[in-house]
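Asker: Here it is, the structure in full.
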Amino acid sequence: MRRSIPFVAVALGAALTLTACAGDAEPEEPAEPTTEESAEPAAGGDLTIWVDETRQAAVEEAAATYEAETGGTVETVLKNFDDIRADFNAQVPTGEGPDITVGAHDWLGELTANGVVAPIELGDKASEFEQVAVEAFTYDGAVYGLPYAIENIGLIRNTALAPEAPATWDDAVAAGQAAGTDYPILVQMGETGDPYTMYPLQTSFGAPVFEQNEDGSYAAELALGGEGGLAFADWLAAQGEAGVLDTAITYDIAVEAFAAGQSPFIIGGPWMLGSFEGLELAIDPIPAAGDQPAQPFVGVAGFYVNGQSENTIAAVDFLVNYMATEEAQLALYEAGQRPPALTAAADTASSDPITAGFREVGAEAVPMPSIPEMGSVWEFWGVTEAGIVSGSLEPTAGWEKMVADIQGALDAA
Amino acid sequence: MSSPQAPVAHADAPTAPPSEPTGRRGRRLSGDSHARNVTRGFVLKLALMALVNALGVYVVLAAWAEDSYGILWAMVALLFAANYVYFSRRAIAMKYILPGLAFLLVFQIFVVGYTAWVAFTNYGDGHNSTKQDAIEALLVQNERRVEGSDAYPLTVVQQGDALGFAVLDGDVVRAGTAEEPLAPVDDAVVEGSQILEVPGFEVLGRDAVLAQQAEVTALRVPVSDDPEDGSIRTQDARNGFAYTSVLEYDEAADTMVDTTDGTVYRSTSDGTFRSDDGRTLNVGWRVVVGAENFVTAFSDARYALPFVKILAWTIAFAALSVVTTFLLGLFLAMVFNDPRVRGRKIYRSLLILPYAIPGFLSALLWSGLLNRRFGFINDVLLGGAEIGWLTDPWLAKLSLLGVNLWLGFPYMFLIATGALQAIPGDLLEAAKIDGAGRFRTWRSVVLPLLLVATGPLLIASFAFNFNNFTLVYMLTQGGPRFADASVPLGHTDILISMVYSVSGVDGSAPKNYGLASALSIVIFLIVGTISAIAFRQTRKLEEI
């Protein structure tokens with residue numbers, strides 16, 4: 001009789017497994033849009049929303065208002081933020097995806113190419129958002145998401161060690177050396193580099209990563225080569241040699257050193273602030289190393305609507321009329337500490353000088369490219385920067401090889 | 001074997017009332033001393049099989065509701081097989097094998113088969129779903145708002161069976177359906193910006209709209225007879241906007257037409273719409289592309305040299321990892337197998353510790369310890385020497401092997417301890433009597449016997465290390481990079497981490513699951529071949 005017990009376990013396991021892979025076990029099955037789900041009795045606007053842990057409570061708050069006013073129901077599903085992108089791509093075609101998901105604007109190129117997101121017409125609401133937020137969610141002329149937060153890096157200054165904001169990079173280094181701390185300025189890097197953090201310094205040499213169209217969107221033409229790029233590469237080598245930049249400094253090391261008062265400056269974003277409690281801080285624009293303004297990347301967080309949702313009307317209604325309110329955006333701000341995307345909410349949040357500081361830096365920033373080509377850039381970019389700083393790469397040759405390699409990867413894709 | 005002798009008649013009626021078989025069986029097997037056991041066993045079996053069948057039927061019904069016919073038939077087949085095997089007297093061997101076989105089918109064969117199938121498709125970014133989905137996505141993505149047009153407060157209405165929209169254009173209410181362009185309606189009741197009544201139409205309430213969301217969002221009501229004015233559509237059933245379509249799909253010709261410049265995009269066999277001058281639309285669909293992924297994998301010149309280097313390093317890494325961990329584990333096992341060592345149990349427990357910590361955590365810890373400037377090894381042990389443990393090509397390889405040795409020796413220690421204790425003492429005694437020295441005994445008696453016992457495990461360890469993605473990814477991420485290659489691959493990359501990078505699963509390129517699957521199958525073949533050869537070699541050991 002003993003053999004029956006493992007068998008039950010097997011059957012249970014098999015049953016559960018088969019249920020679990022119900023979505024993808026039938027890849028060849030022709031999709032029959034609309035017929036199946038609409039045949040089921042449609043309840044009044046029942047929505048499923050994927051959220052991450054930070055945002056869950058804030059979304060549920062807005063959902064409660066929606067539920068009370070419309071009689072629909074909202075189910076929030078807690079997902080690990082890093083898993084959402086791949087899971088959304090995989091699950092939407094099976095019909096198992098959520099109606100709405102949180103996401104970042106730089107996924108947009110991939111999501112549209114996969115046909116898994118629906119455009120949202122913000123109508124007159126569009127003008128109530130920060131311009132860069134709507135621009136970031138615009139792809140080929142259509143808006144694909146409802147933005148809720150804007151995040152960018154700035155220069156975080158320990159006011160006890162440096163009373164004044166530096167105007168240029170050299171000023172910052174001089175002020176840091178004058179403060180007598182271990183590090184004049186902290187810039188996280190690591191052995192594989194951190195081009196996101198280095199980007200404002202690169203743009204100050206006039207070398208953006210891609211050409212930008214007039215409407216703010218990016219064209220798939222590399223712009224980080226040329227004179228500006230090479231000047232930046234030379235500068236990296238010089239800073240590496242002087243010991244100001246160091247590839248041994250990772251995110252953790254940089255944050256820990258700044259929290260311990262070992263440097264007056266660190267280049268970083270609002271996500272670091274939790275580690276800096278007890279310090280008197282000010283947020284300044286990132287000091288330019290070249291002769292042009294230092295523009296960091298702006299990342300915009302928002303909500304996407306499933307392109308194959310059967311509840312589009314309820315989903316868009318929820319987003320445009322319940323999440324695009326000052327109250328909802330402020331709740332998300334309280335949860336995530338990123339300046340809100342809705343201008344009115346951002347104005348309210350700016351009563352906090354730190355938020356106002358990041359917002360001010362963000363106003364001068366550029367959206368992170370969301371075109372699919374961007375994926376091919378990161379891998380070469382960071383390692384080359386790290387190699388130049390550590391001295392293992394010759395700046396001009398290293399930078400030129402990087403541009404050629406990226407171009408090669410773009411051509412091959 | 002006291003297998004329950006289930007009457008064949010009951011095979012077809014496993015849910016029959018339990019009292020009846022009990023009675024009948026009791027009579028029939030009255031002479032059998034195990035009769036009572038067997039009867040109870042049979043009832044238990046019946047109950048368990050009923051449970052299994054109930055679960056199975058539930059899965060079948062659930063699969064039916066979801067239109068997942070693959071799962072449905074697989075489950076039906078499994079159920080029939082299970083019932084046959086456990087109620088038939090003929091399939092005795094299968095009674096033992098079936099559970100394992102079912103697991104094998106679900107967790108191994110299906111996965112391998114699915115990977116193989118994906119390897120022959122172009123599944124990946126831009127080819128994520130079916131053609132139908134791609135067409136819909138393209139049409140939706142390529143609707144543009146008519147320039148300078150306003151947003152209209154909108155209400156969904158119905159005329160007969162036809163859905164329509166009523167919009168508030170200034171003070172005028174205009175209504176229409178898909179067939180009838182918008183026309184002014186007199187005597188409509190408007191409150192604020194909400195249209196309450198439209199003569200000639202029935203105003204739909206929110207519930208009615210939500211009940212047919214797909215139809216409402218798909219509805220296009222022409223603004224006028226002039227197509228240039230576009231058509232009204234809505235997404236939230238509250239606001240309407242005028243749109244024109246940039247792309248139109250011609251179903252008969254299977255083409256997409258750009259209405260602004262007349263470009264015709266034809267559907268191609270590789271799952272995209274392509275114009276005559278080579279431009280493609282951004283959304284494609286999944287198709288079977290045959291061996292194309294395998295050709296791509298081996299035809300890109302940029303990967304030729306790195307591939308050879310990485311293949312060599314992968315084999316070296318896997319082989320050296322097995323050899324070093326086995327030798328250290330064996331050495332320690334022999335030391336702590338000696339009864340003269342005191343506190344052996346404590347030492348043994350301590351030695352297993354690295355094995356008890358999750359591998360990815362250890363790898364992360366080690367990457368911190370080996371940091372060039374701040375790591376414990378350089379900073380404290382070596383007095384501030386800035387040795388590039390993870391940044392120098394050879395040192396990085398050494399570090400990887402070192403960390404893997406730290407992670408892997410406890411396992412080898414465990415199995416070697418077990419195997420050593422299983423070697424009969426009289427064999428060693430015989431060797432001593434024959435005049436063999438310590439080394440001779442070890443070389444000619446202990447080691448061969450050990451290898452017979454541990455050989456298959458060593459091969460398994462080799463196969464595992466061949467695909468030890470976690471360690472490489474957490475410790476070095478494949479770095480330092482090849483200075484002379486034009487692809488983001490490095491000196492410590494192994495084949496599996498190369499696949500991760502090449503196929504864009506790490507985000508460094510558009511994801512290409514087809515290519516990733518094709519390369520995985522190549523790796524599968526390499527590991528399979530090496531393992532098969534190695535197994536054949538160990539069989540020779542057994543003949544000693």
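Asker: For the range B:239-320, what is the Kirkwood estimate of the hydrodynamic radius, computed as the reciprocal of the mean inverse distance between distinct Cα atoms, to one decimal in Å?
Answerer: Values: mean 1/r = 0.0597 Å⁻¹.
By the Kirkwood definition, the hydrodynamic radius is 16.8 Å.
Asker: Along its three principal axes, how long is the range A:160-256 when you only count alpha carbons? Whole Å, largest extent first please.
Answerer: Each principal axis gives a Cα extent; for the range A:160-256 these are 44, 30, 23 Å.
Asker: Viscosity 1.306 mPa s, temperature 10 °C: give me the Stokes-Einstein translational D for chain A in µm²/s, with Rh taken as the Kirkwood radius over C-alpha pairs. Provide the component values of the computation, followed by the final result.
Answerer: Working: Rh = 23.3 Å.
Diffusion coefficient, whole number: 68 µm²/s.
Asker: In what order do B:E136, B:E66 fall by count of nearby beta-carbon atoms within 10 Å, going from fewest to most?
Answerer: Working: B:E136 22, B:E66 18.
Least crowded to most crowded, the residues run B:E66, B:E136.
Asker: Here is a follow-up. What is the gain in length, in nm to one decimal, between B:V380 and B:E202 on full extension, counting 0.36 nm per residue of separation less the C-alpha to C-alpha distance?
Answerer: On the way: separation 178, 0.36 × 178 = 64.08 nm, distance 8.18 nm.
Between B:V380 and B:E202, full extension yields 55.9 nm more.
Asker: Could you tell me which residue out of A:T343, A:G362, A:Q329 lies farthest along the dipole of the range A:317-413 toward its positive end? Charges go on the beta carbon: Lys and Arg +1, Asp and Glu -1, centred on the Cα centre.
Answerer: Farthest towards the positive end: A:G362.
Asker: I've got another one for you. Quick check: the angle from helix B:35-65's long axis to the longest principal axis of chain B, C-alpha only, nearest 10 degrees?
Answerer: The answer is roughly 30 degrees.
Asker: Of A:T247, B:N239, B:L457, whose Cα points farthest to the positive end of the dipole of the protein assembly as shown (charges on the beta-carbon: +1 Lys, Arg; -1 Asp, Glu; origin at the Cα centre)?
Answerer: B:L457
Asker: Once you have the alpha carbon radius of gyration of the protein assembly as shown, what is it after dividing by 2.2 N^0.38 Å, with N set to its residue count? All intermediate terms of the calculation are to be shown ahead of the outcome.
Answerer: Working: Rg = 33.5 Å, N = 957, 2.2 N^0.38 = 29.9 Å.
This ratio for the protein assembly as shown stands at 1.12.
Asker: Work out, step by step, the length gained on full extension between B:A116 and B:A253: first 0.36 nm times the residue separation, then minus their alpha carbon distance; give nm to one decimal.
Answerer: Answer, rounded to one decimal: 46.0 nm.
Asker: Label the range B:291-368 by shape, choosing from rounded, prolate and oblate, from the square roots a ≥ b ≥ c of the eigenvalues of the Cα gyration tensor; if a/c is under 1.5 it is rounded, and otherwise prolate applies when a/b is larger than b/c, oblate when it is not.
Answerer: Values: a/c = 4.29, a/b = 2.65, b/c = 1.62.
In terms of gyration-tensor shape, prolate.
Asker: How big is the range A:255-385 along each principal axis, measuring the range of its Cα positions in Å and listing the largest first?
Answerer: Largest first, the range A:255-385 extends 54, 38, 29 Å along its Cα principal axes.
Asker: Okay, next question. Counting only other chains, and only Cβ atoms inside 10 Å, what mean value do you get across the residues of A:379-388?
Answerer: If you average over the peptide's residues, the count of other-chain Cβ atoms is 3.
Asker: Using only the alpha carbons, work out the radius of gyration and Dmax of the range B:301-542 in angstrom.
Answerer: In order Rg, Dmax, the Cα atoms of the range B:301-542 give 20.8, 69 Å.
Asker: Charges at C-beta only: +1 for Lys and Arg, -1 for Asp and Glu. How large is the resulting dipole of chain B about its Cα centre, in Debye rounded to 20?
Answerer: Values: 41 positive and 51 negative charges, 1274 e Å.
Value, rounded to 20: 6120 debye.
Asker: Which is farthest toward the positive dipole end of chain B among B:G284, B:L105, B:A119, measuring Cα position about the Cα centre, with Cβ charges +1 (Lys, Arg) and -1 (Asp, Glu)?
Answerer: Result: B:L105, furthest along the dipole toward the positive end.
Asker: Can you sort B:K432, B:K397 by how many other beta carbons sit within 10 Å, fewest first? Before the final figure, lay out the partial values.
Answerer: Details: B:K432 13, B:K397 17.
Going from least to most buried by this count: B:K432, B:K397.
Asker: Okay, moving on. Over what distance in Å are the Cα centres of the range A:376-413 and the range B:307-364 separated?
Answerer: Going from one Cα centre to the other spans 38 Å.
Asker: Just to confirm my numbers, what's the Cα centroid distance between the range A:101-134 and the range A:339-370 in Å?
Answerer: Computed from Cα coordinates, the inter-centre distance equals 18 Å.
Asker: What lysines sit close enough to B:K95 to cross-link, taking a C-alpha to C-alpha distance under 27 Å and skipping anything fewer than 8 places away on the same chain?
Answerer: In chain and number order, the partners are B:K45.
Asker: So, in nm, how far is label B:A312 from label B:W406 when the simple model puts each one 7 Å beyond its Cα toward the Cβ?
Answerer: 2.9 nm
Asker: Counting Lys and Arg as +1 and Asp and Glu as -1, each charge on the Cβ, what is the dipole of the protein assembly as shown about the Cα centre in debye, to the nearest 20?
Answerer: Working: 51 positive and 117 negative charges, 1933 e Å.
Its charge dipole is roughly 9280 debye.
Asker: Which ³J(HN,Hα) values in Hz, rounded to whole numbers, follow from the phi angles of the range A:283-300 under the Karplus curve 6.51 cos²θ - 1.76 cosθ + 1.60, where θ = phi - 60° and Gly and Pro get x?
Answerer: Per-residue couplings from phi come out as 9, 10, x, 6, x, 6, 9, x, 9, 10, x, 8, 10, x, 6, 9, x, 10 Hz.
Asker: Using a Förster radius of 30 Å, what is the FRET efficiency between A:L78 and B:S149 based on their Cβ-Cβ separation? Nearest 0.05, please. Write out the running numbers ahead of the final one.
Answerer: Values: r = 40 Å, r/R0 = 1.35.
Computed FRET efficiency for A:L78 and B:S149 comes out at 0.15.
Asker: In nm, what is the difference between 0.36 nm times the number of residues separating A:D124 and A:E400 and their Cα-Cα distance? Don't skip to the end; give the middle numbers.
Answerer: Values: separation 276, 0.36 × 276 = 99.36 nm, distance 4.56 nm.
Full extension from A:D124 to A:E400 adds 94.8 nm.
Asker: Compute, for the range A:117-218, the length of the dipole vector about the Cα centre, with Cβ point charges of +1 (Lys, Arg) and -1 (Asp, Glu) only. Units Debye, rounded to 20.
Answerer: 320 debye
Asker: Across peptide A:106-119, what mean number of C-beta atoms from other chains lies inside 10 Å of a residue's C-beta? Write out the running numbers ahead of the final one.
Answerer: Numbers: counts 0, 0, 0, 4, 6, 2, 6, 13, 14, 16, 5, 3, 6, 6.
The mean count of partner-chain Cβ atoms within 10 Å per residue comes to 6.
Asker: Can you give the FRET efficiency to the nearest 0.05 for B:L353 and A:D252, using r as the Cβ-Cβ distance and R₀ = 22 Å?
Answerer: Numbers: r = 25 Å, r/R0 = 1.12.
Calculated transfer efficiency: 0.35.
Asker: Set the Förster radius R0 to 30 Å, insert the Cβ-Cβ distance between B:Y58 and B:A93 as r into 1/(1 + (r/R0)^6), and round the FRET efficiency to 0.05. It would help to have the intermediate numbers written out before the result.
Answerer: Values: r = 29 Å, r/R0 = 0.97.
So, using R0 = 30 Å, E works out to roughly 0.55.
Asker: Tell me the relative contact order for the range B:301-542 as a rounded percent, counting alpha carbon contacts under 8 Å between residues six or more apart. Working shown, then result.
Answerer: On the way: 273 pairs, mean separation 61.5, N = 242.
It comes to 25 percent, rounded to a whole number.
Asker: Using the 10 angstrom Cβ neighbour count as an exposure proxy, how do B:K309, B:K511, A:K79, B:K540 rank, fewest first? Walk me through the numbers before you get to the answer.
Answerer: On the way: B:K309 15, B:K511 26, A:K79 19, B:K540 9.
Sorted ascending by nearby Cβ count, the order is B:K540, B:K309, A:K79, B:K511.
Asker: Let me ask something else. Limiting things to C-alpha atoms, what are the Rg and the maximum Cα-Cα separation (Dmax) for chain B, in angstroms?
Answerer: In Å, with Rg to one decimal and Dmax whole: 35.5, 118.
Asker: For peptide B:275-288, compute the average count of partner chain beta-carbon atoms within 10 Å of each residue's beta-carbon.
Answerer: On the way: counts 0, 0, 0, 0, 0, 0, 1, 8, 6, 3, 2, 3, 0, 1.
Mean partner-chain Cβ count within 10 Å for B:275-288: 2.
Asker: Could you check what % of the DSSP bridge pairs in the protein assembly as shown are antiparallel, to the nearest 5?
Answerer: On the way: 74 of 85 bridges.
Antiparallel: roughly 85 percent of the beta bridges in the protein assembly as shown.
Asker: Also, quick follow-up: Measuring from centroid to centroid over Cα atoms, what is the spacing of the range B:491-544 and the range A:186-245 in Å?
Answerer: Here the two parts' Cα centres lie 37 Å apart.
Asker: Sticking with this structure for a sec: Put a dot 7 Å past each Cα toward the Cβ at B:V76 and B:I533; how far apart are the dots in nm?
Answerer: 4.7 nm
Asker: For A:M189, enumerate residues with amide H under 5 Å from its amide H, sequence gap 5+ or separate chain, H modeled in the peptide plane.
Answerer: A:I249, A:T250, A:Y251
Asker: Another question about this same structure. Which aspartates and glutamates have a Cα less than 20 Å from the Cα of B:K432, not counting those fewer than 8 places away in the same chain?
Answerer: Within the straight-line limit of under 20 Å, B:K432 reaches these aspartates and glutamates: B:D338.
Asker: Further question: Which lysines, if any, have their Cα less than 25 Å from the Cα of B:K131, not counting same-chain residues under 8 positions apart?
Answerer: Filter leaves B:K511.
Asker: Give the percent of DSSP beta bridges with both residues in chain A that are antiparallel, rounded to the nearest 5.
Answerer: On the way: 28 of 39 bridges.
Restricted to chain A, the bridges split so that about 70 percent are antiparallel.
Asker: Which value in deg cm²/dmol, rounded to the nearest 500, describes the helix-derived mean residue ellipticity at 222 nm for the protein assembly as shown, given -39,500 (n - 2.57) per DSSP H run of n ≥ 4 and division by the residue count?
Answerer: On the way: 35 runs with 459 residues, N = 957.
For the protein assembly as shown, the value works out to -15000 deg cm²/dmol.
No value in this document is a laboratory result; all are computed from the given coordinates. Bear in mind that the values here come from a model prediction, so they are computed numbers and not experimental data. Glycine also receives a Cβ, built like all others from the backbone with ideal geometry; neighbour counts cover every protein chain displayed.
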